[in-house]
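What follows is a short report on a single structure.
A short reminder: the numbers here are calculations on the coordinates, not readings from a lab. All values derive from a computational prediction rather than experimental measurement. Note that each Cβ is placed from the backbone with ideal geometry, even for glycine, and that neighbours are counted across all protein chains shown.
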Amino acid sequence: MRIMLVGFGVVSQSFADIIHSQSTKLARDYGLRPRIVAAVDSSGAAIDPSGLDIPMALKSKKESRSLSGLGADVYTEGRSAADVIREVECEVVVEATPSELTHGEPGLTHVRTAMKEGRHVICVNKGPLALAMPALMELAGHNDVIFKFSGTVGGGTPVLDLAKKCLEGCTIGSIRGILNGTCNYILTKMTAEGVEMKEVLAEAQKLGYAEADPTADVGGFDSACKLVITSNYVMGTSMSIRDVDIKGITEVTMEDIASANSRGNALKLVGYVGDGAKVAPEEVPLTHPLNVSGTFNAITFDTDPAGEITLVGKGAGGRETASSVLRDLIEIRKDFAR
Ligand code: HSE
């Protein structure tokens, strides 16, 4: 299966590394023989129809922050991703450029272009979905392509699939969740170690948890994106991020945290959709399953007749999120086989 990676940041690099190191297992267990025929980043594009040299691409990115180390036969500086999507033959485009939440660009154009060219799309970028999910679902149907986006919610935790596939027959009345790993990491460290928000945020950026623009994390916008995507996918709503009432954690103080603790609660950034949609800091009882620490995400589906079901897992990180891309790819392979 020929794959194009649009955006070659932490998630794409981890994904490339996983499919390279697990090639035998993927072929044996799933009949999947992925070949990365192109990778595009903000500086240029590497193209090789016979498959890029993955170890070399990773080495080049690490050493020079670009794919230029693959050589002049393969790499061209300054090529636009949309052109590469139009020109290079492949079955699947993975859109993993940084999320932009005002216009969704350039991800939105990449996703639309790929669908119009008849490519299946795996989108890790939350911007296009938070702003235009219903239109993109329609475009995918119209062009008869598969559109997957597991990695947009919960990192490697199968939030969307759990709700969609394992809760069939149940009605989901509301969703409440800790949806941003960076904020949870910050609040956990502020609580446990008394470290200032700015300091923990810098650490989260270094560890690759935070968004390219971390105000999306601490401002609550990233959580809102995930709320919108989950609600639209599992509750059938047609929301965009503009429908969510959003308050982040920027004004949270050590005193707020201590005061919540004194009541037997933890202060968390919580996303809720049900009777309205909002993201805001909220007190969660220390004994509640939503009270997870570090980069963990937790999401509670209030269902009828199964009651409350909470899923917990790592919500941020390159390798974790790359596992979602791999899951989506395997699903696409299975659909092919069918
Ligand atoms: N910045 C995001 C987070 C990454 O911290 O949750 C995963 O979507």
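Side notes on the structure shown:
- In this Cβ point-charge picture (+1 for Lys and Arg, -1 for Asp and Glu), segment 149-265 has a dipole of about 400 debye about its Cα centre.
- Per-residue 3J(HN,Hα) values for segment 126-139, derived from phi via the Karplus relation 6.51 cos²θ - 1.76 cosθ + 1.60 with θ = phi - 60°, read 7, x, x, 6, 5, 9, 9, 4, x, 5, 5, 4, 5, 5 Hz in sequence order (x marks Gly and Pro).
- Karplus-derived HN-Hα couplings along segment 46-57 (A = 6.51, B = -1.76, C = 1.60, θ = phi - 60°), whole Hz, x at Gly and Pro: 10, 10, 8, x, 8, x, 5, 6, 5, x, 5, 4
- Contact order relative to length of segment 1-154, as percent, for alpha carbon pairs under 8 angstrom and 6 or more apart: 21
- Distance cut-off 20 Å, percentage of C-alpha pairs in segment 29-121 lying past it: 38
- Restricting the calculation to Cα atoms, segment 156-256 shows an Rg/Rh of 1.03 when the hydrodynamic-style radius is the Kirkwood one.
- Order of Glu193, Glu203 - criterion: other Cβ atoms within 10 Å of each residue's Cβ, fewest first: Glu193, Glu203
- Whole-Hz ³J(HN,Hα) from phi, Karplus 6.51 cos²θ - 1.76 cosθ + 1.60, for segment 206-223, glycine and proline x: 4, 7, x, 8, 6, 5, 3, 9, x, 5, 5, 6, 6, x, x, 5, 5, 4
- Counting every other Cβ atom within 10 Å of each residue's Cβ, Val37, Val325, Val74 order from fewest to most as Val74, Val37, Val325.
- 20 Å-binned pair-distance histogram of the chain (Cα, whole percent): 32, 56, 12, 0
- Length gained on full extension, Arg263 to Glu87, computed as 0.36 nm times the residue gap minus the Cα-Cα distance: 57.4 nm.
- Gain upon complete extension [Glu255, Glu193; 0.36 nm per residue less C-alpha separation]: 20.9 nm
- Convex hull (Cα only) mean projected area of segment 214-338, reported in nm² to one decimal: 9.9
- Alpha-carbon centroid distance for the pair segment 33-64 / segment 256-271, whole angstrom: 45
- Our compactness index for segment 236-291, the C-alpha radius of gyration over the empirical 2.2 N^0.38 Å, is 1.30.
- Filtered trypsin sites (Lys or Arg not before Pro), segment 149-179: DSSP coil and at most 12 other beta carbons within 10 Å: none
- For segment 217-259, the convex hull drawn through the C-alpha positions has a volume of 80 cubic angstrom per residue.
- Taking the fewest neighbouring Cβ atoms within 10 Å as the starting point, the ordered list for His103, His20, His120, His142 is His142, His103, His20, His120.
- Pairs from Lys59/Lys206; Lys59/Lys278; Lys59/Lys164 whose Cα-Cα separation, in the structure shown, is over 31 Å: Lys59/Lys278; Lys59/Lys164
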